[in-house]
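Participant: After the structure tokens below, expect a handful of questions from me.
The values are calculated or read from the model by the stated rules, or taken from the named source; none is laboratory data. Keep in mind the model is a prediction, meaning the values are calculated, not measured. A quick note on method: Cβ atoms are made from the backbone with ideal geometry, for glycine too, and the neighbour counts reach across all protein chains shown.
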Amino acid sequence: MTVVLTWKQLHDLKCDELLDAADGWAAVSTQADAARDRISDEMVRSLEATQKGMAAPAAIGRLRCLDRNYDYIRTECGLVRTTLSSLVYELVGFQGQLKDALDDAASLGFTVAADGSVSYPAGGTNLITNQPNPGGSVTGGSLLLSRPPTPNAPQPGLINPNPNFGKAQDIADRILRALTAAREADEHFSTALNRLKAEPGLDVTESTWKDAAADLAAVRKVSGDYLKKTIPTGGTPADHHDWWTHLSQAQRDEYLAACPDILGNLDGIPAAVRDEANRDNLQLLIGKLSGEDGDGARSKLEGLKLIDHQLRGAPVDKAPPMYLLGIGDEGNGRAIVSFGDPDTSRNVSAYVPGLGTKLDTDFADGVVNRARQTAVGARTFDPSTAAIVWLGYDAPQLTNLDVMSRHDAEAGAPAYNRFMAGISATNQTDNPHFTAIGHSYGSLTVGLAAQQHGGIPGADDIVLVGSPGTGAKTADALGVGRDHVYVGAADNDPVTYLPNKDESKGILMGAGGGASVGGSLGLGAGPLGGLVGAGVGAIAGGAAGYFAQDGQTPKSEIYFGTDPANHEFGAHRFEVSDGPLPVLSGEGATPAHSNYFSPGKDRVSARNIALVVAGHGGEISTQEPR
């Protein structure tokens with residue numbers, strides 16, 4: 001039997017009791033969060049560090065399962081709290097509308113029946129009989145109920161000569177409006193709450209998180225106006241930080257429960273908060289993508305799983321703790337990972353990867369590891385260091401021609417600057433030192449970001465490695481002064497020798513030898529393979545550089561502008577290993593292109609990058625510009 005909400009029940013509803021219930025669910029969510037942190041931060045890591053016996057992996061596995069259970073409890077209880085709070089927010093408004101209507105009825109001497117009808121007394125005088133117009137009763141639902149009054153349209157008081165009729169009809173309509181809206185809210189929120197029930201003995205798996213993602217969508221659907229629309233997503237990172245700073249802890253908990261995907265990716269929100277939100281959102285994304293088909297979804301899913309594994313595991317190679325500052329499945333995927341807390345570290349670097357990077361296992365394993373290695377190396381010079389890898393844009397892929405265009409970099413540059421403005425707003429140290437790092441096509445993204453009005457927010461130094469150009473003619477255009485621009489370019493890295501735009505025209509039309517070289521290298525005989533093939537040919541023909549027609553003067557122009565390693569650019573060229581030769585080394589066409597961050601493959605380059613990040617750029621070892 002369906003129970004229908006009456007106006008008397010709405011009037012007598014004690015919303016404070018519902019809020020108390022919401023607070024109770026919030027307390028359970030907080031307790032589950034604390035238990036999860038204790039398991040992952042204390043118990044699991046302690047076992048991994050101290051126990052090597054055969055029983056240790058089984059114990060760690062059970063603890064991680066418990067960790068996931070508490071994580072799920074925290075998420076679902078938080079959603080219950082948000083649903084109840086949102087319901088109260090809605091009902092309080094409708095309750096206020098009802099009480100105003102009832103007060104008006106009482107002040108006029110009208111009577112409101114249990115069914116919401118309004119009785120009114122006799123009033124006015126009949127012009128024919130000279131007797132008072134009789135009273136009566138009206139119910140809500142007049143023609144004016146669902147639309148605003150039309151000018152000059154006949155009003156109820158003009159149809160019934162009793163002046164009390166129109167007043168009673170207005171009150172009855174207002175009662176019905178408030179009651180109808182409250183009933184709809186009650187139905188919608190009840191449906192959302194019923195979704196949040198779990199079976200006894202529930203096993204938290206990927207499918208469980210898929211259901212949790214649907215739960216979040218359901219809660220957000222009914223509470224969207226209450227929470228989501230109050231987040232100032234259109235503001236600056238400084239605005240976001242100010243908004244968050246002035247929220248109460250209860251409000252913060254509510255936003256974290258209902259909007260983890262928004263808060264986790266909102267520049268200007270503290271790193272610890274973004275990490276907490278994104279760890280929750282990571283599970284929701286894993287659940288969502290596990291139910292999707294297609295190579296793209298599967299690729300992102302495997303990348304997310306590997307990131308999740310790293311977040312739950314012990315630190316690798318003495319690296320500082322991981323912080324997940326951004327995650328998403330839009331485009332080719334989004335992920336921002338920091339090693340060390342960027343809010344409490346004096347030195348912070350943010351590295352932008354380039355060609356071929358997307359959210360997959362290669363990113364989660366190899367690209368993320370570059371930030372880890374940078375953090376470990378820089379902390380040997382200054383322990384107050386955090387290193388970030390920023391995949392907050394769609395880097396061009398090998399499967400299309402975007403790599404030959406500035407389009408992706410132009411789209412990524414403002415997003416990168418917003419991120420840098422965000423970590424500048426949240427950093428708590430007195431004199432922070434920020435380094436922007438761009439690798440490969442990512443150096444173009446960093447270069448274009450540096451050339452926007454005001455430059456890269458907070459950036460003191462810029463590091464460019466394996467760069468095909470930055471779109472700038474000289475280092476002075478990058479906003480930090482040429483003495484604070486550092487370039488690493490391996491002599492055997494063909495990307496740093498890509499032909500300039502004029503030279504590329506023949507290659508792109510199939511007239512240049514680079515196309516055939518690229519095809520023979522397995523890069524494809526198309527435009528991209530041709531350009532890289534031309535770079536390989538430059539190394540083979542010049543060894544020390546890509547020379548102009550006189551055979552002796554190094555070319556200053558490469559594909560995206562002045563070669564950052566060239567003397568005309570004016571930056572510091574730091575020492576790097578020559579790297580393996582393309583093709584002849586047996587490691588493919590571009591083995592030297594990916595070694596800059598790895599102390600195992602290019603110790604001197606990794607050390608120089610670490611020195612700059614730690615604020616010791618004056619101590620790098622250098623080599624002559626081209």
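Participant: Those residues that are in a loop (DSSP other than H, G, I, E, B) and hydroxyl-bearing (Ser, Thr, Tyr), I need them from the range 327-345; list them, please.
Facilitator: If the condition is that a residue be in a loop (DSSP other than H, G, I, E, B) and hydroxyl-bearing (Ser, Thr, Tyr), then 344, 345 are the ones that fit.
Participant: What number of residues in the range 39-89 are charged (D, E, K, R) and within 15 Å of residue 193 (Cα to Cα)?
Facilitator: Within the range 39-89, residues that are charged (D, E, K, R) and within 15 Å of residue 193 (Cα to Cα) number 2.
Participant: Quickly run through the range 122-145 and pick out the residues that are assigned to a loop (DSSP other than H, G, I, E, B) and under 23 Å from residue 11 (Cβ atoms).
Facilitator: Matches in the range 122-145: 139, 140, 141, 142, 145.
Participant: Name the single residue, out of those in the range 64-77 being of a type in the set (A, V, I, L, M, F, W, C) and surrounded by fewer than 19 Cβ atoms within 10 Å (Cβ to Cβ), that is modelled with the highest pLDDT.
Facilitator: Taking the candidates together, the pick is 66.
Participant: Continuing with this model, one more query. Name the pairs whose Cβ atoms lie under 8 Å apart, with the first residue in the range 347-362 and closer than 18 Å to residue 436 by Cα, the second among the charged types (D, E, K, R), and 6 or more positions between them or separate chains?
Facilitator: That search, which allows pairs on different chains as well, returns 347/382; 351/370; 353/370.
Participant: Filter the range 28-63 down to the residues that are within 27 Å of the chain's Cα centre (by Cα), farther than 16 Å from residue 321 by Cβ and exposed (fewer than 13 other Cβ atoms within 10 Å of the Cβ) and list them by number.
Facilitator: Correct list: 34 only.
Participant: Is there a residue being in a loop (DSSP other than H, G, I, E, B), charged (D, E, K, R), at pLDDT 95 or above and over 14 Å from residue 484 (Cβ atoms) anywhere in the range 575-585?
Facilitator: Yes; the residues of the range 575-585 include at least one that is in a loop (DSSP other than H, G, I, E, B), charged (D, E, K, R), at pLDDT 95 or above and over 14 Å from residue 484 (Cβ atoms).
Participant: Collect the residues in the range 78-108 that are surrounded by 16 or more Cβ atoms within 10 Å (Cβ to Cβ), under 38 Å from the mean Cα position of the chain (by Cα) and not hydroxyl-bearing (Ser, Thr, Tyr), keeping them in residue-number order.
Facilitator: Scanning the range 78-108 gives 78, 79, 80, 81, 84, 87, 88, 90, 91, 94, 95.
Participant: Among 285, 359, 266, which is the only one that is over 26 Å from residue 429 (Cβ atoms) and either among the polar types (S, T, N, Q) or out of contact with any strand residue (DSSP E or B) (no Cβ under 6 Å at 6 or more places or on another chain) (or both)?
Facilitator: Of 285, 359, 266, the one residue that is over 26 Å from residue 429 (Cβ atoms) and either among the polar types (S, T, N, Q) or out of contact with any strand residue (DSSP E or B) (no Cβ under 6 Å at 6 or more places or on another chain) (or both) is 285.
Participant: Whether any residue in the range 390-412 is hydrophobic (A, V, I, L, M, F, W, C) and closer than 21 Å to residue 312 by Cβ is what I want to check.
Facilitator: Looking through the range 390-412, at least one residue is hydrophobic (A, V, I, L, M, F, W, C) and closer than 21 Å to residue 312 by Cβ.
Participant: Which condition number does residue 36 fail, the rest of (1) part of a helix (DSSP H, G or I); (2) without any contact (Cβ under 8 Å) to a residue 40 or more places away in the chain; (3) farther than 24 Å from residue 207 by Cα being met?
Facilitator: (3)
Participant: Please indicate, with yes or no, whether at least one residue in the range 158-179 is within 48 Å of the chain's Cα centre (by Cα), modelled with pLDDT of 85 or more and basic (Lys, Arg).
Facilitator: Among the residues of the range 158-179, at least one is within 48 Å of the chain's Cα centre (by Cα), modelled with pLDDT of 85 or more and basic (Lys, Arg), which makes the answer yes.
Participant: Let me ask another. Filter the range 457-466 down to residues that are in a loop (DSSP other than H, G, I, E, B) and under 22 Å from the mean Cα position of the chain (by Cα) and give me whichever is surrounded by the fewest Cβ atoms within 10 Å (Cβ to Cβ).
Facilitator: Within the range 457-466, the match that is surrounded by the fewest Cβ atoms within 10 Å (Cβ to Cβ) is 458.
Participant: Starting from residues that are part of a loop (DSSP other than H, G, I, E, B) and in contact (Cβ under 8 Å) with a residue 60 or more places away in the chain, keep the ones in the range 288-314 and report whichever is surrounded by the most Cβ atoms within 10 Å (Cβ to Cβ).
Facilitator: Among those residues, the one meeting the criterion is 290.
Participant: Also, I was wondering about something else. Looking at 591, 564, 554 in this structure, which one is out of contact with any His (no Cβ under 9 Å at 6 or more places or on another chain) and at pLDDT below 95?
Facilitator: Going through 591, 564, 554 in turn, just one is out of contact with any His (no Cβ under 9 Å at 6 or more places or on another chain) and at pLDDT below 95: 591.
To keep it simple, each residue is scored yes or no on (1) at pLDDT below 95; (2) in contact with a Leu (Cβ under 7 Å, 6 or more places away or on another chain); (3) among the basic types (Lys, Arg).
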position	(1), (2), (3)
115	yes, no, no
124	yes, no, no
128	yes, no, no
131	yes, no, no
134	yes, no, no
138	yes, no, no
141	yes, yes, no
144	yes, no, no
147	yes, no, yes
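Participant: Shifting gears a bit: Scan the range 337-345 and give yes if some residue there is touching a helix residue (DSSP H, G or I) at 6+ places or on another chain (Cβ under 6 Å) and surrounded by fewer than 22 Cβ atoms within 10 Å (Cβ to Cβ), otherwise no.
Facilitator: yes
Participant: Regarding the range 467-481, can at least one residue be identified that is crowded, with 24+ Cβ neighbours inside 10 Å, part of a strand (DSSP E or B), touching a strand residue (DSSP E or B) at 6+ places or on another chain (Cβ under 7 Å) and of a type in the set (Gly, Ala, Ser)?
Facilitator: No, that holds for no residue.
Participant: Any residue in the range 228-252 that is more than 18 Å from residue 418 (Cα to Cα) sitting within a Cβ distance under 8 Å of a residue that is among the aromatic types (Phe, Trp, Tyr)? List the pairs, counting only those 6 or more apart or interchain.
Facilitator: Qualifying pairs under 8 Å: 247/255; 252/244.
Participant: Against the definition (surrounded by fewer than 21 Cβ atoms within 10 Å (Cβ to Cβ) and outside any loop (DSSP other than H, G, I, E, B)), how does residue 324 come out, yes or no?
Facilitator: no
Participant: Taking residue 487 as meeting all but one of (1) closer than 18 Å to residue 566 by Cα; (2) surrounded by fewer than 24 Cβ atoms within 10 Å (Cβ to Cβ); (3) touching a residue at least 24 places away in the same chain (Cβ under 8 Å), write down the number of the exception.
Facilitator: So residue 487 meets the others, but not (2).
Participant: Among the listed residues 337, 376, 368, identify the single one that is under 17 Å from the mean Cα position of the chain (by Cα), more than 20 Å from residue 418 (Cα to Cα) and β-branched (Val, Ile, Thr).
Facilitator: 368
Participant: Output the residue which, of all residues in the range 435-456 that are crowded, with 24+ Cβ neighbours inside 10 Å and over 24 Å from residue 497 (Cα atoms), is farthest from the chain's Cα centre (by Cα).
Facilitator: In this case the residue turns out to be 435.
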